[in-house]
Amino acid sequence: MLQPETEDRELYVATLIHEPMALVAPLKHPLVAYTRVEPGDLKDETILNTESGCTYRIRFEQYLNRHGIFADPSLEFWRI
């Protein structure tokens, strides 16, 4: 869910789909060999982010921050 869960008891909220996130890396990057990448695995990696204010980026950064990971350095793109 991209939006934070609501606390409104008058509103019914249902998840329609679960959308997995994916990491992209060059074939020779060490993380490619991992079956599952954990937040700590990204500690010293450069992250290519979507634009500032993008919900995907906000949620991903919040997820990393909760695990003590603060992506630095990072790059930003606006469109693919």
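Nothing in this text is a laboratory measurement; each read-out follows from the coordinates by a stated rule. Only a predicted model underlies this, so the values are computations on that prediction, with no experimental measurement involved. Neighbour counts run over all protein chains shown; Cβ positions are idealised from the backbone, glycine included.
In the list (i) 36, 28, 17; (ii) 55, 33, 26; (iii) 50, 28, 27, the label attached to Cα extents along the principal axes in Å as derived from the coordinates here is (iii).
Phi-derived couplings, Karplus 6.51 cos²θ - 1.76 cosθ + 1.60 at θ = phi - 60°, listed residue by residue for segment 45-59: 9, 7, 9, 9, 9, 6, 4, 4, x, 5, 4, 4, 5, 4, 5 Hz, with x used for Gly and Pro. Among Leu42, Leu11, sorting on how many other beta-carbon atoms sit within 10 Å of each Cβ, with the fewest leading, yields Leu11, Leu42. Of the trypsin sites (Lys or Arg not before Pro) found in segment 26-67, those that fall in a DSSP loop while having at most 16 other beta-carbon atoms within 10 Å are Lys28, Arg36, Lys43. Here the simple spin-label model places points 7 Å from the Cα toward Cβ, and for Thr50 and Leu31 these points are separated by 1.7 nm.
With a Förster radius of 22 Å applied to the C-beta separation of Ile58 and Val24, the computed FRET efficiency comes to 0.70.
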